[in-house]
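The values are calculated or read from the model by the stated rules, or taken from the named source; none is laboratory data. Given the structure is predicted, the values throughout are model-derived calculations rather than measurements. Every residue, glycine among them, receives a Cβ derived from its backbone with ideal geometry; neighbour counts consider all protein chains shown.
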Amino acid sequence: MSLQTRLTELRDQGLKDIQSAENSEMINDIRVKLLGKKGSITEVLRGMRELDKEERPKVGALANKIRDELSNAIVTRQNEIEAEKIAKKLEKEKIDVTLPGVPVKEGQAHVLAQIIDEIEKLFLGLGFQIIEGPEVEEDHYNFEMLNLPPDHPARDMQDTFYITDKTLMRTQTSPVQARTLEKHDFSKGPLKMISPGKVYRRDTDDATHSHQFHQVEGLVVGENISMADLKGTLELVAKTIFGEDRDIRLRPSYFPFTEPSAEVDVSCFKCGGKGCQVCKQSGWIEVLGAGMVHPNVLQMAGVDPDVYGGFAFGLGPDRFAMLKYGVDDIREFYLNDLRFLNQFSQKG
Ligand code: FA5
């Protein structure tokens, strides 16, 4: 067989093999087999020594042409294989953006925190400051500074958990009144504050009572403040939280730290005022206590009662939440049952 024929055969077979190679390893093997140091083409070129002088350039030119042809084919196939590999990888890693996403579990504020937030927003809008006080309180602030000296009979209504003889879990947010009055500089203007927080009592738990609940205290002290200011403020609170169709009523009451004092009731959410089990047949639910700040409280805090006066109130957000959402048992708020709590989603 002439070298020319051998070369053409090698080319035809080589091109076929290259075309059917499926991966880089196969291509590499073909390259070594054809064009490597011991490859078939190299061997043919070595055999040229035996050829006539005239024949050599012709065969040499053909051999070079075929070698170039084969190496070009190898590079082209190698590139194709790479491109196929990338295409396959992309196909496998493709993200279908139309598939539904994995839902992210999102929490929300507790319904009582939502009510307290709503009350805070209302009062911030009226120019009040928000001031917090300690839950573990001194007897001095929880009672004495509020005109309840030791052995005062009204202390019986607010028995609590004692830490020591003189420290207790506060029974009301009213001690924050005394703490703030002591510090306020009246030359800079009147004091307008609310104080939200937890309070504790030795109350027996039932549908409307809990031994731990929340209060929001309110206090305004300055010059020329009247009971009309108190009533107007409370009406605004009731209508903002409960809506225009709820009524409020003020009943004369007694608190040692206010004079005169009032209990404020809102018409019952369940029966609309006709009388039912929730409102104990009265048609009304007590939501807050209020009154005009007692001169003794001002005096004890170093504020001159002949110049300054004002009003105070203490409301129960737990009872507010019951009224607002028609919840008939206060204990539901503290059970942490998500089936109950998720009903008060802020997302609406
Ligand atoms: C007081 O605690 C007074 N400090 C309120 C006050 C402040 C009067 C400033 C005058 C001036 P009273 O004990 O009524 O008052 O409680 C106030 C509100 O807390 C009640 O109207 C009620 O909404 C709520 N509350 C009282 N006891 C409980 C209880 N055991 N569980 C849930 N809410 C309660």
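Values computed for the structure shown
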{"item": "Region 196-221, residues that are crowded, with 17+ Cβ neighbours inside 10 Å, more than 7 Å from the ligand (Cβ to nearest atom) and farther than 16 Å from VAL287 by Cα", "result": "TYR200, LEU219, VAL220, VAL221"}
{"item": "Number of positions in region 100-157 that are surrounded by 14 or more Cβ atoms within 10 Å (Cβ to Cβ) and of a type in the set (Lys, Arg)", "result": "1"}
{"item": "Residue satisfying all of: in region 321-335; within 11 Å of the ligand (Cβ to nearest atom) and at pLDDT below 90; nearest to VAL199 (Cα to Cα) among these", "result": "MET322"}
